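Read the structure below first, then the notes.
The values are calculated or read from the model by the stated rules, or taken from the named source; none is laboratory data. Quantities reported herein were computed from a predicted structural model and do not represent experimental measurements. Here Cβ is always computed from backbone atoms with ideal geometry, including for glycine, and neighbour counts include all displayed protein chains.
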């Protein structure tokens, strides 16, 4: 490239005119060469000027110039120059001023979008343009997609200003935006900066006891932020969730330890991308506190002694000791532990019970002691004696009373008793003595009063209870019958027995337990499957156990349930019925007709019913019966899905009636019945071949294609079908024949030339026969034209003749295609197409050239694979023109690749398309290889390579920091190779 040719004629320059039309052909035109030299010098000067302009760019990438053009404040120039390493600030300002003068004024925009915008995540941002005409229509686009106004994107029109506001920006809003007005558009990029997550409320040191629940809480500046918890420098992962639980509550993050142990003590830390916080957790053994100690007791004989204490931990167990010996429970001694209270009860105190009593908690070096003093009192008196008496509110005629209580309510029966000495009351249920003093069912004793208490009565409390009071003088007995009444159990076996188009019958059994009160009725509810909304079907109780639900939608799944009602209330709901669908049988099938009949079969056809409904059609049932009877026989064991069926095994000669019934999930439809009976007898029909129209002429196929002939025929009973070719039977290895009741198929997988011929089809029933002849021709491309010769040459013309091809491909030759070629280049050009004769005259040949000719044969399959080439040539002679060859040595332009302009190190901004440029020279034209870190990048779609007359460009689309590398350009030809490289640094936008 750029070589000085001087006065030498390049080898590629022609030394004679084309077609002999130039009278000066063969002589050198020195004035033309001088003009060409002057043009090349002017081209070199323009290249130098262009190189000078490129040098004026000061090595600053184009994307930085675009960023500088959008600056409005002068202070921003220094910031951008410092950020991107630009040292020649004055030269940059001069170049920028010159560029601004050359900016073409926009016709639509007075003010365009800024080159880039930056906003913090969660904040809103406004972008605007100013139009030259307020009536202009604009479109806002994001990454090439049109933006529509919404709560996130707000469009405003203020005079000539068009404003786009993005509310609550997210990382998804970090994209390229453009404003389109007709054919003009302006661009910008929005960078969304994610703010660092800061620690707003730090962790606090905590001191807890073993077994306590620990919650370590911290508050951050952003909701949904990602945090990392660690203990003593080791990260706490989700795999340890059996020990630690992580909780998020808005901006708060909580680490929860349900039961702290000594191993949980340590230093805990929480980290975010904007800070961290630490706190110490101290776990100590828990101290047991005595909330109520044991008091000394002084009791009389036969009285009760109760030692009671309260400790701080309700899980602590312990033992009781008397004079150092462990106390064991017995009939008189009861030991209990409820919550934080520990109790030792001694009934009927005796003198031997006197002593020191101690309670020792398990696992603690602690003991509680008290003393029991026995007080012996001797009083001599004559006691009053009176037999015991039970005072009940009854009629007095009997000592049996019945009490009714509603389940869940409290029953308290206070029975007054009298007698001297004070009688002892004993409660019995049946024959078992009931003596519980605590619990849901218990006995409470007071002076002259014995109370029987039932908290939250249950069915199991129902029964007969007896109270017996005794003293030395006598006894008294009373019986109480307690009856517990409740709401009934849910109804049993709720089920759907039948359904219709919009109704269903619901049946259920009465509850097993009526709650002690008669069932007065039932409430029924219904809902759609998948819904949670139940709809009441009756507001007054329904007394029967069969209910018809109506006004339902056909094809929709429903569920139903039933409640039982008595005087106490409403039961729990029964189990839901299985999902059911209101559907009805279809209407009867339409247009039932008889299509065919034989000695034992009948073929019926019909159409689908008019009304099918949501249940669809499962199939059809076909039945027949003899004329004069009502005994219908099923012709098919399985439902038929299509609208046609052939009933087989019918009695020959009988007159039969037929009917068809549609069946779906709802049942059978009304039948469609034939109006007249059918006699089961074969009908003789003369054989007839129905030859398709395209087979009545010669059937042509190409070699290798399939031959698939389907020929219908008719005739009853089933005719005998035979095929033959040229009077001979077919070869089953090459030709397949398949015959059914209605048609016959001739199939050849890959047709060959020898399959051509006359095929005869015969359809015969007894002495009746029909025949058809089909002509098949298999063709292929013809052979080349034969014996191509140049017969005569005159002026600029040549006469070419040839003979037809020896192989016509089994098809008529439709024409020939003739081509010519210069002997020097041997490049072929078509002269004639579809030439029907076996000769042609080729005109407009160039004087001085020598030509070959070749001819392709053509039939309906196309041109022949190979041409027939002329055995001689046509030489167009020159007349009276002599070329004077100059004696000079041709210049050798060959040389190894040399880079005229090397690659330059670059620093660019991420996201802006950049380009690397260099220039190379070499002959033959060198092969160019671009490399990144010595790796070939030719197949990478991110990089676009260009080569314009030796000026090499590598475009990098929207580079990222990962594209920072050393880039190399390598040029190779047969004389050598050359390589240049540069460093590219991609910086993230600030």
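Residue 274 fulfils the conditions (1) more than 30 Å from residue 363 (Cα to Cα); (2) at pLDDT 85 or above; (3) surrounded by 13 or more Cβ atoms within 10 Å (Cβ to Cβ) except for a single criterion, (2). Each residue in segment 841-853 was checked for being crowded, with 18+ Cβ neighbours inside 10 Å and not in a loop (DSSP other than H, G, I, E, B), and 4 of them qualify.
In segment 814-824, the residue that is farthest from the chain's Cα centre (by Cα) out of those that are surrounded by 15 or more Cβ atoms within 10 Å (Cβ to Cβ) and more than 13 Å from residue 856 (Cα to Cα) is 822.
When residues in segment 667-700 are screened for being more than 49 Å from the chain's Cα centre (by Cα) and assigned to a strand (DSSP E or B), 10 of them pass. In segment 589-599, the condition of being out of contact with any helix residue (DSSP H, G or I) (no Cβ under 9 Å at 6 or more places or on another chain), outside any strand (DSSP E or B) and crowded, with 21+ Cβ neighbours inside 10 Å is met by at least one residue. In the set (1) without any contact (Cβ under 8 Å) to a residue 12 or more places away in the chain; (2) part of a loop (DSSP other than H, G, I, E, B), residue 824 fails one condition alone, (1). For segment 726-757, residues that are under 15 Å from residue 771 (Cβ atoms) and either loosely packed, with under 13 Cβ neighbours inside 10 Å or at pLDDT below 90 (or both) total 2. Among the residues of segment 445-466, the ones that are without any contact (Cβ under 8 Å) to a residue 12 or more places away in the chain and under 11 Å from residue 411 (Cα atoms) come to 0 in all. The residue that is farthest from the chain's Cα centre (by Cα), counting only those in segment 502-516 that are modelled with pLDDT under 90 and crowded, with 17+ Cβ neighbours inside 10 Å, is 516. Being in contact with a helix residue (DSSP H, G or I) (Cβ under 7 Å, 6 or more places away or on another chain), part of a strand (DSSP E or B) and more than 18 Å from residue 280 (Cβ to Cβ) is a property that residue 192 has.
Identify all residues within segment 944-964 that are over 17 Å from residue 63 (Cβ atoms) and crowded, with 18+ Cβ neighbours inside 10 Å; write none if there are none. Matches in segment 944-964: 950, 952.
Applying a threshold of 9 Å to beta carbon distances and a minimum spacing of six or more residues, or different chains, the list of pairs starting in segment 405-429 at a residue that is at positive phi and not assigned by TED's automatic domain parsing to the domain that holds residue 447 and ending at one that is part of a loop (DSSP other than H, G, I, E, B) and surrounded by fewer than 17 Cβ atoms within 10 Å (Cβ to Cβ) is empty.
On the basis of being over 30 Å from residue 760 (Cβ atoms), at pLDDT 90 or above and in a strand (DSSP E or B), does residue 656 make the cut? In short, yes. Considering only residues in segment 486-501 that are over 27 Å from residue 668 (Cα atoms) and out of contact with any helix residue (DSSP H, G or I) (no Cβ under 9 Å at 6 or more places or on another chain), the one that is surrounded by the fewest Cβ atoms within 10 Å (Cβ to Cβ) turns out to be 493.
Is it the case, given these coordinates, that residue 311 is assigned by TED's automatic domain parsing to the domain that holds residue 352, at pLDDT 90 or above, surrounded by 13 or more Cβ atoms within 10 Å (Cβ to Cβ) and closer than 30 Å to residue 350 by Cβ? Give the derivation first.
Working: assigned by TED's automatic domain parsing to the domain that holds residue 352: yes; at pLDDT 90 or above: no; surrounded by 13 or more Cβ atoms within 10 Å (Cβ to Cβ): yes; closer than 30 Å to residue 350 by Cβ: yes.
When the stated conditions are applied, residue 311 does not pass them.
Just so you know, in segment 66-77 the residues that are assigned to a helix (DSSP H, G or I), over 45 Å from the mean Cα position of the chain (by Cα) and surrounded by 12 or more Cβ atoms within 10 Å (Cβ to Cβ) include one that is modelled with the lowest pLDDT, and it is 69. In the set 890, 833, only one residue is closer than 30 Å to residue 973 by Cβ and outside the structural domain of residue 950 (by TED's automatic domain parsing); that residue is 890.
Of all residues in segment 227-244, those being at pLDDT 85 or above and surrounded by 13 or more Cβ atoms within 10 Å (Cβ to Cβ) number 5.
Of all the criteria given as (1) touching a strand residue (DSSP E or B) at 6+ places or on another chain (Cβ under 8 Å); (2) closer than 30 Å to residue 76 by Cα; (3) in a loop (DSSP other than H, G, I, E, B), the one not satisfied by residue 893 is (2). Report whether or not residue 650 is buried (at least 16 other Cβ atoms within 10 Å of the Cβ), in a loop (DSSP other than H, G, I, E, B) and out of contact with any helix residue (DSSP H, G or I) (no Cβ under 9 Å at 6 or more places or on another chain). The answer is yes for residue 650. Per the listing 525, 548, the residue uniquely outside the structural domain of residue 452 (by TED's automatic domain parsing) and either free of Cβ contacts under 8 Å to residues at least 24 places away in the same chain or loosely packed, with under 14 Cβ neighbours inside 10 Å (or both) is 548. Being surrounded by 13 or more Cβ atoms within 10 Å (Cβ to Cβ) and either outside any strand (DSSP E or B) or modelled with pLDDT under 80 (or both) is a description that does not apply to residue 409. Screening residue 833 on (1) exposed (fewer than 15 other Cβ atoms within 10 Å of the Cβ); (2) touching a strand residue (DSSP E or B) at 6+ places or on another chain (Cβ under 7 Å); (3) not in a strand (DSSP E or B) shows it passes everything except condition (3).
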